[in-house]
1. In whole Hz, what ³J(HN,Hα) sequence does region A:152-159 give by Karplus (6.51, -1.76, 1.60; θ = phi - 60°), x for Gly and Pro?
2. Heavy atoms only, probe 1.4 Å: what % of the accessible area of chain D goes to carbon and sulfur, would you let me know?
3. Nearest 20 debye, what's the magnitude of the dipole of region B:24-99 about its Cα centre given +1 on Lys and Arg Cβ and -1 on Asp and Glu Cβ?
4. ³J(HN,Hα) across region A:37-45 via Karplus (A = 6.51, B = -1.76, C = 1.60, θ = phi - 60°), whole Hz, x for Gly/Pro?
5. Could I have the simple spin-label model distance between D:THR2 and A:ASP140, label points 7 Å from Cα toward Cβ, reported in nm to one decimal?
6. Just how large is the dipole of the protein assembly as shown about the Cα centre, in debye to the nearest 20, putting +1 at every Lys and Arg Cβ and -1 at every Asp and Glu Cβ?
7. Summing -39500 (n - 2.57) over the DSSP H runs of n ≥ 4 in chain A and dividing by its residue number, what mean residue ellipticity at 222 nm do you reach, to the nearest 500 deg cm²/dmol?
8. Given a 1.4 Å probe, how much area per residue of region B:116-189 is accessible, in Å²?
Number of protein chains: 6
Amino acid sequence: MTDRPISRFPVPEIAGLPEDLRSRILAVQEKSGFVPNVFLVLAHRPAELRAFLAYHDALMEKDEGLSKAEREMIVVATSAANNCPYCVVAHGAILRVRATDPRIADQVAINHRKADITPRQRAMLDFAMKVATDSRAVADEDLAALRIFGFDDEAIWDIGAIAAFFAMSNRLANLTAMRPNDEFYMLGRR
Amino acid sequence: MTDRPISRFPVPEIAGLPEDLRSRILAVQEKSGFVPNVFLVLAHRPAELRAFLAYHDALMEKDEGLSKAEREMIVVATSAANNCPYCVVAHGAILRVRATDPRIADQVAINHRKADITPRQRAMLDFAMKVATDSRAVADEDLAALRIFGFDDEAIWDIGAIAAFFAMSNRLANLTAMRPNDEFYMLGRR
Amino acid sequence: MTDRPISRFPVPEIAGLPEDLRSRILAVQEKSGFVPNVFLVLAHRPAELRAFLAYHDALMEKDEGLSKAEREMIVVATSAANNCPYCVVAHGAILRVRATDPRIADQVAINHRKADITPRQRAMLDFAMKVATDSRAVADEDLAALRIFGFDDEAIWDIGAIAAFFAMSNRLANLTAMRPNDEFYMLGRR
Amino acid sequence: MTDRPISRFPVPEIAGLPEDLRSRILAVQEKSGFVPNVFLVLAHRPAELRAFLAYHDALMEKDEGLSKAEREMIVVATSAANNCPYCVVAHGAILRVRATDPRIADQVAINHRKADITPRQRAMLDFAMKVATDSRAVADEDLAALRIFGFDDEAIWDIGAIAAFFAMSNRLANLTAMRPNDEFYMLGRR
Amino acid sequence: MTDRPISRFPVPEIAGLPEDLRSRILAVQEKSGFVPNVFLVLAHRPAELRAFLAYHDALMEKDEGLSKAEREMIVVATSAANNCPYCVVAHGAILRVRATDPRIADQVAINHRKADITPRQRAMLDFAMKVATDSRAVADEDLAALRIFGFDDEAIWDIGAIAAFFAMSNRLANLTAMRPNDEFYMLGRR
Amino acid sequence: MTDRPISRFPVPEIAGLPEDLRSRILAVQEKSGFVPNVFLVLAHRPAELRAFLAYHDALMEKDEGLSKAEREMIVVATSAANNCPYCVVAHGAILRVRATDPRIADQVAINHRKADITPRQRAMLDFAMKVATDSRAVADEDLAALRIFGFDDEAIWDIGAIAAFFAMSNRLANLTAMRPNDEFYMLGRR
């Protein structure tokens, strides 16, 4: 069996991309040793990739309220619910690295109710899963349940908005049949 | 019964927003006669609103492959599947205006299979609904079915990406309990 | 796109209908200015239409326990759950008229949890939705929850029976592809 | 364990019912040796019972296009999908009697796909189940599939309308917790 | 309509089976007057049938914690949820015999919430149904709810394991299109 | 966060187990370097564990029709559909080893439709998933679709029976909250 291509759609050359995207991609490659396919696949539409990255960074690159590892837990749990290979494999790797725990990503992806996480993290993921799979029923009571664990308005917004952002991201990855880079499978497993 | 607030989260004053957002909002108000609540609710997080608007405009403000009205059909059909009041009411209004048809938005929202649309539009909405509700199963065959109706790679990307973007948008609106402005209910009904 | 026909089945002439149905239909036309398609479509089977109307009137034409507007709320919420274009559009119109509220029908159809209704009405619609979508699980506890809001046996029967009657009605409309009259879209919107 | 009551709601005395209902009930009792509980439970609302019976008879008491046994098959299959004890037990008995087959009702109730029925009856039940459980998706193609087996417009209407009528009936029975008479369990089993 | 065969797969002669299976089957035939088809259908794979029977007997042939009739209730309720004709018909018969109640099997199969059973049995079946249909969500709270009714660890294991074993059994029967013997339909109905 | 226990139920000492189980467990430990928790958790019921292992070996320890790696693919795909942590993690490890492919288990667990497998394996997993999640609808047409890829009766039985056996196994693991051994996470990843 030969591997599938990384996208169902045309994939641009890095060299031909707008300067800001090109330098961001090269910086990631410099740091990680490879270019995550999400950059190449979405670069088919530079304006969309630019907005995607800006949104992603606004939600994921901070540590208040929720740790970076907790943000990745939300990504992995909700992406597994959407059966999104790219997001589970890639963000599973990031989660292992950020949590320095080689088991956590598989646990959260398969069944977050059985993962080795705190009750606070369990409440966080229950809410994220509701936003991901049944957002029409999100009620004031759900927010109140989070406040019991110390989540404030900003943290609740983050949980819900990350689940929402990856609802989009999972669908883009499933639309394009985005392929996870081989490098992600082993990252953070020691 | 008094009306609900426009958001579960704090809503900023327009005057205190960053210049770019403020002037965009004032321009919309100038043109429409009111400020759609999505601007005010998401402005609680200016960086996120900026990315949201950039992404939205990249997908919705063009006419190639899909008309602007067809783009709004996708929004209305998928937002109804997610039971999102803001998106159905607001984009229903925009769809009526862009299609100059007072019935189309209600038809598409309630059951797109019975709407007065062309077979090509029906195929477009079937695909958008699959991306919205069962993206894990999106297959090459689904894309082939669209090509029969003349949709090329760019149009297919647009259909799927609009469904994906509003998967996020619906969840943000349901998270915040975003309230549709009263003005939208009558717009485009003649 | 030309409009679809009003039914998948033969539609009789009003002139040839049994006298009781004909005079009822003419009375409605006199009052409303048009003949709602449900009369014409179901008149293909006069005995069935006669029973349908008798049942409908027994449940909908009274004001005790539930107001007439509240009865229509039940129709709109459950018909939207069944994606029934005729019932949502036609009864949405009647709801707007009876509630003298141009927004209520759209709110209840899209997501009754976010509608501008009282907690008592919310409990009423939650129960109606359970009867409509998961009647096997209706339990004594559900009836007890309604009694807290002052609904007595007669009002509870009405809520459940209206949901049940429109479970039939929605399926008849979806079977026949019953088309809503254009007049309904604007009724009650001011 | 003592038996449950026959209804969650008040049950009237036969003697106090309007004459037409009373004589119909007594005629049934005369013929069957007992009064099926549906008469007693729904008689709490005489006008509704009258319409219910008129509708029922219009759909069930004829033999053209579909045999009476086939009509009962539709009732049993769709009522089982709604987990309605009264309808499955009572109409299962009638089906056994009308088909003079002691196994058919259990087979159709548990899984109509495995029942000892003809391909034509299988097509009939597939359509009835779609009307019962997913009527929003009923399409012209579904009707065309029935015509291949010789079902004409009148027969198709009957299949769909019976499924629709019992969608109501099942919900009324689940609302009232209508109890099947003990007599039904053994009827037609020889 | 001729009857379907008892299996989609080859069915061996009893005479040619390994001695232990052959003598077990003949003993059952001696006692019941017929050979239940499950023996013949699964005997296509003697090693699997041997393990199947050993597992079955370990779970079903005892009376502590749960009566034998209660064990059969679990089988009937969960098998009906999986629409498995063989298991519902055959174990329905055994349940009627063991409970000496001609109505209980039909009641439990159609809707266990409405069956004439004790609150303790209702709790038992609620748990069994969760294991059968949503085992991923089984939580410590569910086990605690059973302990309130006096179920200890061993009884809880039995409830869950019987539901699990018949999850397999239902799928084997649906895979092979295993046909219930005619004799089962009347057993225990008096 | 401390780790959860390996079972919700009592776990026996190996030394106290019946000789046959004890020596099997020690042999596995000898070969693998650890005792997979499934042995310890199910050993709470020796007779059940004995039947479980006999059944397991009859289905999994052979190479005809389906390779051993393909059998493990079925386990991983269906166990992921049931959100069973033990089965996905433990059999994911075995699959990686048997397929000598470090990516295959994650791919199959997350979305078998996007895995790097052959069309024949895709058909195999589609059928296994139907047996696992919707066995009531398994039809002759499904078996015919497998025969196109060269699967004969024996191979089809294996696919279906493995899916059925792990339907049980997943439920036992979710019932007991069976914890995967840490060793499995890294096995076969190179």
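The values are calculated or read from the model by the stated rules, or taken from the named source; none is laboratory data. Because the structure is a prediction, the values reported are computed rather than measured. Heads up, the Cβs are rebuilt from the backbone with ideal geometry, glycines too, and the neighbour counts pull from every protein chain shown. Just the protein is used for accessible areas: all its heavy atoms, side chains included, with ligands, DNA and RNA removed. Shrake-Rupley method; radii C 1.70, N 1.55, O 1.52, S 1.80 Å.
1. Taking θ as phi minus 60°, the curve returns 9, 3, 5, 5, 5, 4, 4, 4 Hz for region A:152-159.
2. About 54 percent, which is the carbon plus sulfur part of the accessible surface.
3. 140 debye
4. Values, residue by residue: 4, 4, 5, 5, 5, 6, 5, 4, 10 Hz.
5. 4.3 nm
6. Magnitude of the dipole: close to 0 debye.
7. Value at 222 nm, helices only: -20500 deg cm²/dmol.
8. Value returned for region B:116-189: 31 Å² of accessible area per residue.
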